[in-house]
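Computed from the coordinates by the stated procedures, all read-outs in this text should not be read as laboratory data. All values derive from a computational prediction rather than experimental measurement. Cβ placement follows ideal geometry from the backbone for every residue including glycine, while neighbour counts extend to all protein chains displayed.
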Amino acid sequence: PYENIQKIKNDNIVPCIQQYYKKPLLLHEGKMQWLFDFEGKRYLDMFGGIVTVSVGHCHPKINKAIHKQVDTLWHSTNIYQHPNLYKYVEELTSTLPSHLKAVYLVNSGSEANDLALFLARLYTGNFEIISFRNAYHGMSPYLMGTTALSTWRFNVPVSFGVHHAMVPDVFKGLWGGKYCRDSVVQTTRQCECSTFRCQATENYYKQLEEVFMYSIPRGHVAGLIAESIQGVGGIVHFPKGYLQKAYELVRTNGGVCIADEVQTGFGRTGDHFWGFQMHGVKPDIVTMAKGIGNGFPLGAVVTTPEIAEVLKHSSHFNTFGGNPLACSVGLKVLEVLKEEDLQYNSKKVGTYLLNELAKLRDKFECVGDVRGKGLMIGVELVKNKKTNEPLNATDFVRIWDDCKDMGVLIGRGGINGNVLRLAPPMCVTLADAEFAVHVLHKSLLNFYNRS
Ligand code: PMP
């Protein structure tokens, strides 16, 4: 359709946008878990537009709600009132623990996390923020410091006052190369050493204590921000009990705890509607985006009335936040998630995927690890299982590109870019999952046959 796309891209688009695949994919249409290019070729979308399409591309019920609202009123700004906003915040808060009542609607994950940090600092009167290595929380200058992956850094100073705690990396481990398998997510590896189980939480916790000891004025932390499972970082998750202890330490030192649910929210992890629930913690502030709007720009911060009170003293404004169109989408997404029991489907299809992918891990030397929960799954590709060194980029891209050519789109993540990420729309079926595994299997066979 656009002969000169490459030229426009080179001439008129800033050169930082990552392009997936050697031959870039030009998309035409989306239907639920399927995407179509201009030649009519169909792809199973196993990445959901970066963990964003929650209920399905162009879901008919969502589209109907949008069309209805488009013909009535798009925009009003929050200086006027519109019933959608009130209906929506009522529905949204009903999914959260009862202490989280106060909602501020925005348009993206970065905006939500910006406000969360701002609230933490304002409420506590403190400045220092702790985030985890390997985390992704957003791209605004206020957040770049919390996004602790060098791949997302430029050579300019980022926000002050951010300290990085070690990420409890279940796969690589940090103490003697041992893994903690006593994890909150399904991990299909055998437990090597039962005594190490509790050590992982303890060791990582000691390291967090050191962050306090060496970097933070005593008793003056503003907050901790954490994803319930790190997404962009390559599906990395915390050992059991770790986050509970971390929350306690932060609170003892005067801070609040922020759960970034941008990827893990809305039932994607299967067992719970919110990712933080798998850790048994009660955050003070929860941020959300992506799946909340099924691809429509919508995000939210939800906090306690006490914390929200700090915004009383001045104006804090967002032109598009909570517009009638976004709220009509948000409402319908919640309805569809419930009606179609998509959280349960995430658990069912996710468990199937984890088990089947584990068979590939047992079969192929380059599949180092398979981990995740529900429909948030990582497959870490390595040179060999002895060293677990990341597979080099050329080989990774061969496997990944091959999957695309065979009709399956998979994401990519991790500090070394060697983790395949699977996070399809939550309407994906067992038959689709079987097809995805079959294609990955074939591309791994092709990889070894060609090498
Ligand atoms: N938090 C997490 C966990 C994310 O994965 C992302 C986006 N990848 C963000 C925040 C930022 O969201 P946005 O791109 O909508 O600003």
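A few points about this structure:
- Residue tally, condition within 16 Å of the ligand (Cβ to nearest atom), among the aromatic types (F, W, Y) and touching a Pro at 6+ places or on another chain (Cβ under 8 Å), over region 241-266: 0
- Only one of the listed residues (V439, V428, V379) is touching a helix residue (DSSP H, G or I) at 6+ places or on another chain (Cβ under 8 Å), closer than 24 Å to F238 by Cβ and of a type outside the set (S, T, N, Q). That residue is V379.
- Selection count where residues are part of a helix (DSSP H, G or I) and away from the ligand (no atom under 16 Å from the Cβ), scope region 120-149: 4
- Screening A222, A259 for residues that are without any contact (Cβ under 8 Å) to a residue 40 or more places away in the chain and part of a strand (DSSP E or B) leaves exactly one candidate, A259.
- When N355 is tested against (1) surrounded by 14 or more Cβ atoms within 10 Å (Cβ to Cβ); (2) assigned to a helix (DSSP H, G or I), exactly one condition is not met: (1).
- Restricting region 303-343 to residues that are assigned to a helix (DSSP H, G or I) and touching a Leu at 6+ places or on another chain (Cβ under 6 Å) leaves a set whose member that is nearest to M376 (Cα to Cα) is G330.
Condition check ((1) within 23 Å of the chain's Cα centre (by Cα); (2) in contact (Cβ under 8 Å) with a residue 60 or more places away in the chain; (3) under 28 Å from K23 (Cβ atoms); (4) buried (at least 18 other Cβ atoms within 10 Å of the Cβ)) across all residues:
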site: V367; (1), (2), (3), (4): yes, yes, yes, yes
site: R371; (1), (2), (3), (4): yes, yes, no, yes
site: L381; (1), (2), (3), (4): yes, no, yes, yes
site: E389; (1), (2), (3), (4): no, no, no, no
site: F396; (1), (2), (3), (4): yes, no, yes, yes
site: D405; (1), (2), (3), (4): no, no, yes, no
site: V408; (1), (2), (3), (4): yes, yes, yes, yes
site: D432; (1), (2), (3), (4): yes, yes, yes, yes
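- Among the conditions (1) surrounded by fewer than 16 Cβ atoms within 10 Å (Cβ to Cβ); (2) in contact with a strand residue (DSSP E or B) (Cβ under 7 Å, 6 or more places away or on another chain); (3) of a type in the set (G, A, S); (4) under 19 Å from R361 (Cα atoms), G413 misses just one, which is (1).
- For region 416-432, filtered to residues that are out of contact with any strand residue (DSSP E or B) (no Cβ under 9 Å at 6 or more places or on another chain) and in a helix (DSSP H, G or I), the residue that is farthest from I292 (Cα to Cα) is A431.
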